[in-house]
């Protein structure tokens, strides 16, 4: 029994060491309030789950829950996709979904501007896609939206995993393996991933729609939403962490 106990102690120490690897987050990382960006430098690290942080624990998505190849096929709780949706400008639309590797994180999905996309644990993928991020949440985590009838250009992302869910205002939000997609205003440059593990609920999404847990910094707070015109509130994307739960 002693050798077995010793093996368990060694294994636990190895897991703790893996979670504390200095190569995961850059020096000085402090979550959503960090002033350190993560550059989009090529990385060869495999996209595997950090010990003790398995993707299946909260994701809820299964390979069988794919929405189909046609964006717009999946809707929020049977919402009518024929309803009048606001016309989005080119600047508002997510026109591309590209699989790309970034330094210290590995596999990500990025939009046409190179910004990393995220998924939110409070959303749902089964039995169908559902988005729950509205109001200030959507100001901090802008949904990846597209006009009705349009499809994003895909590079390294399986079209069968891409769909849409209708939001409350009628806009169509892109989904990947039924998980709604978002960017994060705390990411100051392409390839940054400061949104990783914010509120313990936001995670970089992989091209397969799973959580990328290769690097899992400590839980952090989201930046504050953009300030209203003429107010003294914190400016959009400020590096100071907020008390918001999203």
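We did not get these values from a lab; they are worked out from the coordinates using the rules stated. Keep in mind the model is a prediction, meaning the values are calculated, not measured. Cβ: placed from backbone, ideal geometry, glycine included. Neighbour counts: every protein chain shown.
Data for the structure
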read-out	value
Residue list for region 82-121, filter: in contact with a strand residue (DSSP E or B) (Cβ under 8 Å, 6 or more places away or on another chain) and assigned to a loop (DSSP other than H, G, I, E, B)	83, 85, 88, 92, 94, 95, 105, 111, 112, 114, 117, 121
Members of region 196-221 found to be in a loop (DSSP other than H, G, I, E, B) and closer than 20 Å to residue 137 by Cβ, listed by number	196, 197, 199, 200, 201, 219, 221
Test for residue 148: is it closer than 21 Å to residue 89 by Cα and in a loop (DSSP other than H, G, I, E, B)	yes
Selection from region 122-145 of residues that are in a strand (DSSP E or B) and either in contact (Cβ under 8 Å) with a residue 40 or more places away in the chain or at positive phi (or both)	124, 130, 145
